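For reference, the structure is listed below as structure tokens.
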Amino acid sequence: MEYLHTMVRVTDLDASLDFYCNKFGLVEVRRIDNEKGRFTLVFLATPQDEQRARETRSPTLELTYNWDPETYTGGRNFGHLAYRVDDIYETCRKLMDAGVTINRPPRDGHMAFVRSPDNISIELLQAGDPKPPAEPWLSMPNTGVW
């Protein structure tokens with residue numbers, strides 16, 4: 001398992017970048033503007049992790065800026081933790097066998113979400129290419145939120 005990123009939602013991207021980069025000392029390593037989804041993702045890393053973050057996309061802090069104004073309540077500004085796993089199906093099976101609910105099953109062979117006992121959302125991402133879709137994941141519905 002490899003730690004990837006932590007996501008936080010921000011309401012003012014310029015002010016957030018000023019804080020995280022100019023004042024706190026992180027560096028921007030990647031940016032994604034998604035017009036269809038109406039959001040921008042900015043990935044930041046420490047100067048010591050900058051090269052690794054550019055090459056492997058980890059470890060980073062992901063700032064998510066939704067273009068449409070939104071008031072974040074109930075911790076919605078904190079998004080999730082993310083980990084890359086060698087086998088997403090094996091990892092999800094192990095978690096299910098241990099009594100963990102798979103909130104968003106890996107139907108696409110690439111991504112799943114679970115929650116910690118403290119209700120922290122955790123994203124699991126398949127290392128490399130997605131696995132071929134397979135049961136029981138393909139037909140498993142979402143449970144709760146992530």
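Per the listing Val85, Val100, the residue uniquely of a type outside the set (D, E, K, R), touching a helix residue (DSSP H, G or I) at 6+ places or on another chain (Cβ under 6 Å), at pLDDT below 95 and closer than 19 Å to Tyr3 by Cβ is Val85.
Could you please let me know if Thr73 is closer than 29 Å to Asn142 by Cβ, modelled with pLDDT under 95 and either surrounded by 16 or more Cβ atoms within 10 Å (Cβ to Cβ) or not assigned by TED's automatic domain parsing to the domain that holds Pro132 (or both)? In short, yes.
Determine if region 125-139 includes at least one residue that is within 23 Å of Arg9 (Cβ to Cβ) and among the aliphatic types (A, V, I, L, M). Within region 125-139 (the criterion being within 23 Å of Arg9 (Cβ to Cβ) and among the aliphatic types (A, V, I, L, M)), the answer is yes, since at least one residue qualifies.
Taking region 88-132 only, how many residues are among the basic types (Lys, Arg) and either in a loop (DSSP other than H, G, I, E, B) or touching a residue at least 60 places away in the same chain (Cβ under 8 Å) (or both)?
Keep residues of region 88-132 that are among the basic types (Lys, Arg), which gives 93-94, 104, 107, 115, 131.
With either in a loop (DSSP other than H, G, I, E, B) or touching a residue at least 60 places away in the same chain (Cβ under 8 Å) (or both) added as a condition, the list becomes 107, 131.
Looking only at that region, the number is 2.
Residues that are within 15 Å of the chain's Cα centre (by Cα), over 21 Å from Met1 (Cβ atoms) and of a type outside the set (A, V, I, L, M, F, W, C) within region 22-65 comprise Arg30, Arg31, Thr40, Thr64, Tyr65, listed in sequence order.
Please specify each residue of region 45-80 satisfying the condition of being in a loop (DSSP other than H, G, I, E, B), under 22 Å from Lys23 (Cβ atoms) and touching a Lys or Arg at 6+ places or on another chain (Cβ under 8 Å). Before you say what the answer is, go through the steps one by one.
Filtering region 45-80 down to residues in a loop (DSSP other than H, G, I, E, B) leaves 46, 57-59, 67-77.
Retained after the next criterion (residues that are under 22 Å from Lys23 (Cβ atoms)): 46, 59, 72, 77.
Hits for region 45-80 are Pro59, Tyr72, Asn77.
Val42 meets each of the listed conditions (1) in a strand (DSSP E or B); (2) out of contact with any Gly (no Cβ under 8 Å at 6 or more places or on another chain); (3) closer than 30 Å to Pro133 by Cβ apart from (3).
The values are calculated or read from the model by the stated rules, or taken from the named source; none is laboratory data. Because the structure is a prediction, the values reported are computed rather than measured. No Cβ is skipped: glycine too gets one built from the backbone with ideal geometry, and neighbour counts run over all protein chains shown.
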